[in-house]
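The values are calculated or read from the model by the stated rules, or taken from the named source; none is laboratory data. Predicted, not measured: the structure shown is a model, and the values here were computed from it. With ideal geometry, Cβ positions are generated from the backbone for all residues, glycine too; neighbour counts draw on all protein chains shown.
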Amino acid sequence: MVFELHHLTALEQLDWLRRGEVSPTELATHYLDRIDRLDAELGAFTTVTRDAALARAARVESELPKAAPLWGLPVGDKDLWQRAGVRTMFGSRLMRDFVPEESDEIVEAIDAAGAVSLGKTNAPEFGLPAYTESLVAPPARTPWNTSLGAGGSSGGAAVAVAAGLLPVAPGSDGGGSIRIPAAATGLVGLKPSRGRVPSSAGFTSLGGLVVGGALARTVADAALLLDALAGQSRWSVGPPTWNGGAFLNAAMRGEGRFQLGVMTTSPWDGAYEITVSPDAAAALQFARAELDALGHGTEDIALEPDDTYAPAFRTIWQSGAADIPAETPEQLELLEPLTRWLVERGRALGARELGVALQQLSRFERSVIRQFASFDAVMTPSLAMTPRPIGWFDAADGEHNFAQQVQYTPWTSFANVSGLPAITLPVAETAEGLPMGVQLIGRPGREDVLLAIAAQLERRLRWQLRHPPQW
């Protein structure tokens with residue numbers, strides 16, 4: 001295989017940039033050319049901003065200090081985030097022509113860290129589904145098998161990193177939206193604790209669910225991006241401040257022996273029929289055996305049944321769609337059937353129903369933290385199934401669609417409800433060559449422990465050496 005720049009890890013690319021072995025403009029051009037050549041069959045980007053990216057790369061080189069944590073590294077903005085002057089569609093025909101005048105805080109934070117945005121990465125309509133197949137853009141396809149979906153809602157970001165169209169990508173996660181596509185595309189997907197990333201802390205989202213995080217090919221690359229995201233927000237005073245590399249240090253050292261719970265129960269078990277596929281079960285058992293071999297302690301655990309979780313989360317999910325800016329019949333008609341169903345359900349809910357749901361999820365959060373307190377991390381499968389075929393999710397029946405999403409990804413949303421850090425890792429492959437992963441859920445604020453465990457597994461399994469055909 002002939003060497004190309006994208007064969008380097010993001011950390012290595014940053015080193016090359018700082019040492020002057022490649023310029024920000026050269027690196028951006030390399031990735032822009034790959035996007036032009038490969039993305040038509042992948043659906044990673046909805047908008048590519050070549051001219052703006054090259055102008056930004058030149059400004060980074062001439063104006064920003066090389067100490068910036070992402071100095072010159074190409075990234076993409078999830079198409080749920082506003083960047084001033086760049087079309088932001090929110091995955092919806094309703095917003096097809098929307099061009100914001102101001103940027104969102106997370107976009108400004110990424111810029112402050114020295115990154116170079118190449119455009120908008122694909123996302124489903126308003127980020128609501130766990131798959132990226134909207135009516136306003138081509139579907140995001142896992143590069144391992146382009147007949148299969150990449151998951152969502154950070155589906156385009158995951159495809160871009162997995163296929164070598166970006167070195168690393170930020171994403172947002174309100175119920176698994178980083179970890180689901182990471183698992184479907186063979187990546188490391190890191191959802192931080194609530195409050196860890198100032199520009200996307202979760203506190204302003206309904207139920208405190210949505211936080212910003214990282215999609216990467218290696219554990220160190222994910223830690224590098226988290227360090228950058230954990231820096232200052234637009235409300236900070238003074239020059240940019242960053243995290244000092246604390247998470248990257250934890251990932252690079254990969255030290256410690258830990259006690260892990262191993263779990264296949266989920267809070268959805270009482271409301272839906274949840275089946276762990278043989279491939280998901282095999283990946284979990286394989287990862288457990290490898291952790292045992294590394295000297296960690298593992299113990300089977302099960303979540304205490306809680307009949308309030310499923311209806312409460314449904315209420316929050318539906319309520320979150322109520323303020324979508326579609327008021328007239330013509331605007332509502334532009335929404336996809338699932339989104340229209342969610343909007344109608346959300347607007348029919350009363351304040352009492354929403355308040356009760358929020359109280360129930362708050363009690364659930366405390367319960368989970370108590371149940372997990374004796375473990376450094378709890379491991380589950382990442383997904384219950386292999387990546388789903390394009391078109392597998394029911395586009396017309398909201399109830400059936402919701403059930404399908406729960407059955408596909410029953411272990412991700414409760415980490416958001418609990419505010420806990422979680423990371424998905426691509427530990428195995430199926431007989432057909434599809435990635436299968438496990439999820440580690442940590443104690444509050446202990447991303448460093450998750451990164452240390454993940455780094456140990458990565459050194460042992462060397463998943464960063466596996467690549468899809470587009471590589």
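Only a single criterion out of (1) in contact with a helix residue (DSSP H, G or I) (Cβ under 8 Å, 6 or more places away or on another chain); (2) assigned to a loop (DSSP other than H, G, I, E, B); (3) more than 19 Å from residue 156 (Cβ to Cβ) is not satisfied by residue 65, namely (1). Per the listing 322, 283, the residue uniquely in contact with a Gly (Cβ under 9 Å, 6 or more places away or on another chain), under 30 Å from residue 221 (Cα atoms) and of a type in the set (Gly, Ala, Ser) is 283. Across region 91-102, a minimum of one residue is classified as buried (at least 24 other Cβ atoms within 10 Å of the Cβ) and either hydrophobic (A, V, I, L, M, F, W, C) or touching a residue at least 40 places away in the same chain (Cβ under 8 Å) (or both).
Can you report the number of residues in region 184-209 which are charged (D, E, K, R) and either in a loop (DSSP other than H, G, I, E, B) or surrounded by fewer than 22 Cβ atoms within 10 Å (Cβ to Cβ) (or both)?
So the first thing to find is which residues in region 184-209 are charged (D, E, K, R), and the list is 191, 194, 196.
Now restrict to residues that are either in a loop (DSSP other than H, G, I, E, B) or surrounded by fewer than 22 Cβ atoms within 10 Å (Cβ to Cβ) (or both): 194, 196.
So the count comes out to 2.
In this structure, does residue 60 turn out to be at negative phi, out of contact with any helix residue (DSSP H, G or I) (no Cβ under 8 Å at 6 or more places or on another chain) and of a type in the set (Val, Ile, Thr)?
Working: at negative phi: yes; out of contact with any helix residue (DSSP H, G or I) (no Cβ under 8 Å at 6 or more places or on another chain): no; of a type in the set (Val, Ile, Thr): yes.
Here the answer is no, as residue 60 does not meet what is asked.
Scanning region 237-261 for residues that are at pLDDT below 95 and within 19 Å of residue 71 (Cβ to Cβ), which turns out surrounded by the fewest Cβ atoms within 10 Å (Cβ to Cβ)? The extreme case among them is 239.
Suppose the filter is within 16 Å of residue 447 (Cα to Cα), surrounded by fewer than 24 Cβ atoms within 10 Å (Cβ to Cβ), of a type outside the set (S, T, N, Q) and modelled with pLDDT of 95 or more; does residue 215 pass it?
Numbers: within 16 Å of residue 447 (Cα to Cα): yes; surrounded by fewer than 24 Cβ atoms within 10 Å (Cβ to Cβ): no; of a type outside the set (S, T, N, Q): yes; modelled with pLDDT of 95 or more: yes.
No.
Would you check if residue 412 is buried (at least 24 other Cβ atoms within 10 Å of the Cβ), within 25 Å of residue 340 (Cβ to Cβ) and not small (Gly, Ala, Ser)? Taking the combined requirement at face value, the residue satisfies it. Considering 253, 257, which residue is of a type in the set (Lys, Arg) and within 21 Å of residue 373 (Cβ to Cβ)? Within the list 253, 257, the selection yields 257.
Tell me yes or no: at least one residue of region 41-51 is more than 12 Å from residue 121 (Cα to Cα), buried (at least 23 other Cβ atoms within 10 Å of the Cβ) and either charged (D, E, K, R) or without any contact (Cβ under 8 Å) to a residue 60 or more places away in the chain (or both). No: region 41-51 contains no residue that is more than 12 Å from residue 121 (Cα to Cα), buried (at least 23 other Cβ atoms within 10 Å of the Cβ) and either charged (D, E, K, R) or without any contact (Cβ under 8 Å) to a residue 60 or more places away in the chain (or both). Within region 52-77, restricting attention to residues that are among the aliphatic types (A, V, I, L, M) and farther than 30 Å from residue 136 by Cβ, which residue is surrounded by the most Cβ atoms within 10 Å (Cβ to Cβ)? Among residues in region 52-77 that are among the aliphatic types (A, V, I, L, M) and farther than 30 Å from residue 136 by Cβ, the one surrounded by the most Cβ atoms within 10 Å (Cβ to Cβ) is 60. Within region 141-155, being closer than 16 Å to residue 169 by Cα and surrounded by fewer than 24 Cβ atoms within 10 Å (Cβ to Cβ) holds for no residue. Please name all residue pairs, on different chains or six or more residues apart, with Cβ atoms under 7 Å, provided the first residue is in region 21-39 and is farther than 13 Å from residue 49 by Cβ and the second residue is outside any helix (DSSP H, G or I) and hydrophobic (A, V, I, L, M, F, W, C). Once the first residue is farther than 13 Å from residue 49 by Cβ and sits in region 21-39, its partners that are outside any helix (DSSP H, G or I) and hydrophobic (A, V, I, L, M, F, W, C) give 24/116; 34/165; 38/163; 38/165; 39/45; 39/165. Could you please find all residues in region 326-370 being within 24 Å of residue 393 (Cα to Cα), assigned to a helix (DSSP H, G or I), out of contact with any Gly (no Cβ under 8 Å at 6 or more places or on another chain) and not basic (Lys, Arg)? Within region 326-370, 331, 332, 333, 334, 339, 343, 344 meet the criteria. Kindly establish whether residue 12 is outside any helix (DSSP H, G or I), without any contact (Cβ under 8 Å) to a residue 40 or more places away in the chain and of a type outside the set (Ser, Thr, Tyr). No. Is at least one residue of region 126-140 polar (S, T, N, Q) and surrounded by fewer than 24 Cβ atoms within 10 Å (Cβ to Cβ)? Within region 126-140, not a single residue is polar (S, T, N, Q) and surrounded by fewer than 24 Cβ atoms within 10 Å (Cβ to Cβ).
Residues in region 1-40 that are surrounded by 13 or more Cβ atoms within 10 Å (Cβ to Cβ) and basic (Lys, Arg) were compared, and the one that is nearest to the chain's Cα centre (by Cα) is 34. Out of 434, 440, report the one residue that is in contact (Cβ under 8 Å) with a residue 24 or more places away in the chain and within 20 Å of residue 223 (Cβ to Cβ). Going through 434, 440 in turn, just one is in contact (Cβ under 8 Å) with a residue 24 or more places away in the chain and within 20 Å of residue 223 (Cβ to Cβ): 440. When restricted to residues that are under 20 Å from residue 13 (Cα atoms) and either in a loop (DSSP other than H, G, I, E, B) or modelled with pLDDT under 95 (or both), region 143-183 contains 6. Residue pairs whose Cβ atoms lie under 6 Å apart, sitting 6 or more positions apart in sequence or on different chains, and linking a residue in region 341-362 that is closer than 14 Å to residue 322 by Cβ to a partner that is in a helix (DSSP H, G or I) and at pLDDT below 95, are 341/398.
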